[in-house]
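These notes concern the structure reproduced below.
Quick note: the coordinates plus some simple rules give every number you see, no bench work behind them. If you're wondering where the values come from, they're calculated on a predicted model, not measured in any experiment. Note that each Cβ is placed from the backbone with ideal geometry, even for glycine, and that neighbours are counted across all protein chains shown.
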Amino acid sequence: MDKLNSQSVAVINDAFGRSISLTDLITLLYRFQTNQLSDSELVQVIQMGSYFARNKLSWALASANLDHWLNAGSLPAPTQIMDHKLIMNLEHVVDTLCGEHYDAIVAGINSRLSAPAGTKFPASAATFTGPSGKPVVVNPAESPLRAGGEEAIYKESGTPTSDSHLSDMYNAVGGVFLVSRANVKSEVLDTGGWQVTIVDWEVWFWDTYDWNTGGQSVSIPLDLFNRLPAIATYQSTIEGALKASGIPPSVLQELKVNDAQMRQIEGKKIAMPDGSTMQPKAYPIYGDSSWRFDASSACGKPTVLTIASP
């Protein structure tokens, strides 16, 4: 192990961005698993995990968002902007728009056309998160659709981004909020009823990067014997040393960061060994732009509806 420790520093530095020996790495990971770390040590392990995720797993998004969280409290405007193209074509996102959002838009059209005169939509003022985080307030008003007019109908709901806990996207943003603004226009038919067209449908997303949900975690698959061939030759020696020390071999297989550990340091100003400070804090994420959504091409659903008189 002494020989291996001297040979492993460069290998570990390449994988984790820290010049420490294998024994020190194992001890640090074990103390992390058993919640024995100081705040500054916890930050260091998180930084090492982020470095590993970025350089060994190609998790560019997850590591960027995690690194941003670690110092967001020191920034005057900690908002993180993500490319909307990363989100707009995800299967769960399209399914949510084609299902829940489309149904809500159609239901909104029908409720406006069948409502008694004087009914206002929405019933009370509603506020939605706008494309860049600026609130969009919709005040109650009578719908112009019955007389042949145009109106915006909003729908907001959450959706997962991925089913894979081992994907970059899942660990960057496991779920986002989608906001739809559908402009619909009606035409009163001579035969009775209306023809209503979804003229334009705009979508955007937002999220909050925090660690306030029970059970939330990031699992970084280390699998060091497979990922670091330089130490794989010594697997039996390393596992023997682990066994003698009472440390489970799992410390070299997975780094699981859970919300309870993260809440322990969130909101604090933490002095680091190099003299710097870190200030972990929750922050908002917004897409860099909204996008147009066409239910006809994306879902095979009609965007021109003929609706009979109630």
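The table that follows gives values for the structure above.
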{"read-out": "Enumeration of residues in region 122-145 that are more than 30 Å from Ala77 (Cβ to Cβ) and touching an Asp or Glu at 6+ places or on another chain (Cβ under 8 Å)", "value": "Ser143, Pro144, Leu145"}
{"read-out": "Considering residues of region 233-244 that are in contact (Cβ under 8 Å) with a residue 12 or more places away in the chain and not in a loop (DSSP other than H, G, I, E, B) only, the residue surrounded by the most Cβ atoms within 10 Å (Cβ to Cβ)", "value": "Ile238"}
{"read-out": "Any chance His68 is under 16 Å from the mean Cα position of the chain (by Cα) and buried (at least 17 other Cβ atoms within 10 Å of the Cβ)", "value": "yes"}
{"read-out": "The lone exception for Thr34 - which of (1) within 19 Å of Gln235 (Cβ to Cβ); (2) without any contact (Cβ under 8 Å) to a residue 40 or more places away in the chain; (3) surrounded by fewer than 19 Cβ atoms within 10 Å (Cβ to Cβ) it fails", "value": "(1)"}
{"read-out": "Those residues of region 115-145 which are assigned to a loop (DSSP other than H, G, I, E, B) and surrounded by 17 or more Cβ atoms within 10 Å (Cβ to Cβ), in sequence order", "value": "Pro131, Ser143, Leu145"}
